[in-house]
Amino acid sequence: MVYISYILLIICVLISVAFVTLLERKILGYIQLRKGPNKVGLMGLLQPFSDGIKLFFKEQTYPYMSNYIMYFTVPIFMLVLSMFMWALFPYMINVYSFNLGILFFMCCSGMGVYGVMLSGWSSNSNYALLGSLRAVAQTISYEVSMSLLLVNLLFLVWGFNLMNFMVYQMYIWFIFMSIPLFLCWFSSCLAETNRSPFDFAEGESELVSGFNIEYSSGGFAYIFLAEYMNIILMSMITVVLFMGCDIYSILFYLSVTLLVFCFIWVRGTLPRFRYDKLMYLTWKVFLPMSLNYILFFSGVLVYMLIL
């Protein structure tokens, strides 16, 4: 039953990725005063499947000077890593509910750096290498502030299990106690998933699409799937941490959809940051704020223990 449940979860996530791509194209279309995809199927509902079939049936090309084995295995590694992270989905019936869920999330999200770095390096292209180096510097920088933001919330629930967040947010959501933390966390999620306005790994104007420039057909599809699975995962984790984590309520899934919409909305409205501003934001704004919050929460805890 455990394996069947996990396979069903992955299938549902892959289908949701397909429709998130359609949602993104529709929303960006309406933001730019045009229609999105609306020809394939009813209201364009079959467009993602059409695109997927087209991608996987295209000819697989590869650069002659690339590191051949690494070049082909890295996209699969990125996709499998994203699938591993979905084992975190908080089931009450314990499909894979483990007591160190938050640590597992931090380890896997840290491993994601290697996928981007090796895909850029193995392509043996200057543009791909530049894009991957940018992405690595950005991801590692935001990992620091993101892990410290998580530590703040661990002070409140006193455990690494994601189901603790459901118990402790029964009466009040953590977002009401720490709105600045939520805003920092959401910005860090945008930077971690290489989304606008922090999409320096894919700076089209200067890097011709960045670290995945040499990928086509199935390899590109795997990278694309991994990126969108991470976006939905980050939205789900955000809802778990800040918005109640009541997995039996339809509100949980609506909140996840709303956060995915926010990812797309940000892409449609905000211009790209300057690179030095990006680094300034995490090291000079998010890091001090999360450290101050740690002092605040630990002080409150000590005060309550004394009482």
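Condition (residue is within 24 Å of the chain's Cα centre (by Cα), within 30 Å of Asn124 (Cβ to Cβ), modelled with pLDDT under 85 and not polar (S, T, N, Q)) applied to the stretch 50-60: is it met by at least one residue?
The answer is yes; a qualifying residue exists.
Starting from residues that are over 24 Å from the mean Cα position of the chain (by Cα) and over 19 Å from Leu295 (Cβ atoms), keep the ones in the stretch 153-184 and report whichever is surrounded by the most Cβ atoms within 10 Å (Cβ to Cβ).
Ranking the candidates gives Tyr168 first.
Among the residues of the stretch 162-204, what is the count of those that are over 28 Å from Ser141 (Cβ atoms) and either touching a residue at least 24 places away in the same chain (Cβ under 8 Å) or of a type outside the set (S, T, N, Q) (or both)?
The number of residues fulfilling the criteria is 10.
I'd like the residue in the stretch 1-46 that is at pLDDT 85 or above and among the hydroxyl-bearing types (Ser, Thr, Tyr) and, out of all such residues, is farthest from Ile231 (Cα to Cα).
The extreme case among them is Tyr30.
So which helices (runs of 4 or more DSSP H) are wholly in the stretch 150-229 and hold at least 2 residues that are within 28 Å of Val116 (Cα to Cα) and modelled with pLDDT of 85 or more?
Here the list reads 179-192.
From the list Leu100, Leu130, exactly one residue is more than 16 Å from the chain's Cα centre (by Cα), within 15 Å of Gly210 (Cβ to Cβ) and either surrounded by 15 or more Cβ atoms within 10 Å (Cβ to Cβ) or touching a residue at least 12 places away in the same chain (Cβ under 8 Å) (or both). Which is it?
Values: Leu100 fails: within 15 Å of Gly210 (Cβ to Cβ).
Within the list Leu100, Leu130, the selection yields Leu130.
So which helices (runs of 4 or more DSSP H) stay within the stretch 230-307 end to end and still have 3 or more residues that are in contact with a helix residue (DSSP H, G or I) (Cβ under 9 Å, 6 or more places away or on another chain) and crowded, with 20+ Cβ neighbours inside 10 Å? Reasoning before the result, please.
Values: elements: 250-269, 275-280, 287-306.
Passing ranges, in order: 250-269.
For the subset of the stretch 36-93 comprising residues that are of a type in the set (Gly, Ala, Ser) and assigned to a helix (DSSP H, G or I), which member is surrounded by the fewest Cβ atoms within 10 Å (Cβ to Cβ)?
Only one residue tops the list, namely Ser50.
Looking at (1) modelled with pLDDT of 90 or more; (2) over 20 Å from the mean Cα position of the chain (by Cα), which is the one condition that is false for Phe286?
Going through (1) modelled with pLDDT of 90 or more; (2) over 20 Å from the mean Cα position of the chain (by Cα) one by one, Phe286 breaks only (2).
Got a sec? Which of Phe98, Phe89 is at pLDDT below 85 and under 16 Å from Cys12 (Cβ atoms)?
Only one candidate passes the filter, namely Phe89.
The values are calculated or read from the model by the stated rules, or taken from the named source; none is laboratory data. If you're wondering where the values come from, they're calculated on a predicted model, not measured in any experiment. A quick note on method: Cβ atoms are made from the backbone with ideal geometry, for glycine too, and the neighbour counts reach across all protein chains shown.
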